[in-house]
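The values are calculated or read from the model by the stated rules, or taken from the named source; none is laboratory data. Computed from a prediction, not measured in an experiment: that's the story for all the values here. Positions of Cβ are generated from backbone atoms using ideal geometry, with glycine treated the same way; all protein chains shown enter the neighbour counts. Calculation scope for accessible area: heavy atoms of the full protein, side chains included, ligands and nucleic acids excluded. Shrake-Rupley method; radii C 1.70, N 1.55, O 1.52, S 1.80 Å.
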Amino acid sequence: LPNNFELARKRLVSLGKRLTLDIKLYSQYVEGMTNNFSKGFAEKVTSDGEDGKVWYIPHHHVFHPRKPGQMRIVFDASASLGSISLNNSVHQGPNLASNIISVLLCFRQHPYAFTADIEGMYNMVKVSPEDRECLRFLWWENNEVGSNIDSYRMTTHLFGGGWSPSAAIFALLQV
């Protein structure tokens, strides 16, 4: 992989401009990042990494149309440097999601049906340490926009990775 640090830095600076204009969004974003660090989903990088095996993923926020005010941090694994992006450089994995027809047929077999949602499903599955260097991202020291920029890396699969659904469902099926 080529060195895309500058691409990620420019995207972070652009994000910083948006965050400084909206204090509520800034506070939600800091809360999301703090949550990633406190729960062990992300860690600070202490080494430079091996050339060709380091990739920085820009991130941004999205709002769910049916959940007003709820913000989610999305890692843009499709961000490209030239024609190279993380999503087109890794194996996406098979589609392991349940077929909707078989799900509907199962509902007809019993008088009661239950559904569940796994909160932060992708973050529940760890990434092997040797693959984490490709999941680096930039964030400001002490959550202060404009301060020193530090490198971090995800320790779990992320929302925005094309491989994440396959990896998470595979892990779920192993339980």
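Pairs meeting the criteria (first residue in the stretch 92-116 and under 15 Å from LEU173 (Cα atoms) and in a loop (DSSP other than H, G, I, E, B), second residue open to solvent by 100 Å² or more (accessible area, probe 1.4 Å) and not β-branched (Val, Ile, Thr), beta carbons under 9 Å, at least 6 apart or on different chains) are GLY93/PHE170; PRO94/PHE170; LEU96/PHE170; LEU96/LEU173. Output yes when any residue across the stretch 103-118 is of a type outside the set (Val, Ile, Thr) and within 16 Å of PHE159 (Cα to Cα), and no when none is. Yes.
Residues in the stretch 1-19 that are out of contact with any Gly (no Cβ under 8 Å at 6 or more places or on another chain), of a type outside the set (D, E, K, R) and open to solvent by 30 Å² or more (accessible area, probe 1.4 Å) were compared, and the one that is nearest to ASN143 (Cα to Cα) is VAL13. Figure legend. Inter-residue proximity from the stretch 40-62: first residues within 17 Å of GLU141 (Cα to Cα), second residues among the small types (Gly, Ala, Ser) and surrounded by 11 or more Cβ atoms within 10 Å (Cβ to Cβ), beta-carbon distance below 7 Å, spacing 6+ or different chains. Indicated pairs: VAL45/SER151; TYR56/ALA8; PRO58/ALA8; PRO58/ALA79. Whenever a residue of the stretch 141-167 is more than 18 Å from ARG72 (Cα to Cα), its partners that are in a loop (DSSP other than H, G, I, E, B) and small (Gly, Ala, Ser), lying with C-beta atoms within less than 6 angstrom and at least six residues away or across chains, give the pairs GLU141/SER147; TRP163/GLY93; SER166/GLY93. The set of residues in the stretch 112-167 being surrounded by 15 or more Cβ atoms within 10 Å (Cβ to Cβ), hydroxyl-bearing (Ser, Thr, Tyr) and touching a strand residue (DSSP E or B) at 6+ places or on another chain (Cβ under 8 Å) consists of TYR122, SER151, TYR152, THR155, THR156. Going through (1) open to solvent by 60 Å² or more (accessible area, probe 1.4 Å); (2) touching a strand residue (DSSP E or B) at 6+ places or on another chain (Cβ under 8 Å); (3) modelled with pLDDT of 95 or more; (4) hydroxyl-bearing (Ser, Thr, Tyr) one by one, SER38 falls short only on (2).
Taken as a whole, the stretch 69-85 holds no residue that is part of a loop (DSSP other than H, G, I, E, B), open to solvent by 40 Å² or more (accessible area, probe 1.4 Å) and hydrophobic (A, V, I, L, M, F, W, C).
Only one entry of PHE63, PHE41 meets the criterion of being within 12 Å of ARG153 (Cβ to Cβ) and hydrophobic (A, V, I, L, M, F, W, C), and that entry is PHE41. Which pairs turn up if I take residues in the stretch 65-86 that are closer than 18 Å to MET121 by Cα and look for partners that are among the hydroxyl-bearing types (Ser, Thr, Tyr) and buried (at least 17 other Cβ atoms within 10 Å of the Cβ) with beta carbon separation below 9 Å, at least 6 apart in sequence or on another chain? Within 9 Å, the pairs are MET71/TYR29; ILE73/TYR29; ASP76/SER85; ALA77/SER85; ALA77/SER164. If we keep just the residues of the stretch 20-30 that are of a type in the set (A, V, I, L, M, F, W, C) and under 19 Å from the mean Cα position of the chain (by Cα), which is most open to solvent (accessible area, probe 1.4 Å)? This residue is VAL30. Within the stretch 8-39, being free of Cβ contacts under 8 Å to residues at least 60 places away in the same chain, among the charged types (D, E, K, R) and more than 22 Å from ILE84 (Cβ to Cβ) holds for LYS17, ARG18, ASP22, LYS24, GLU31.
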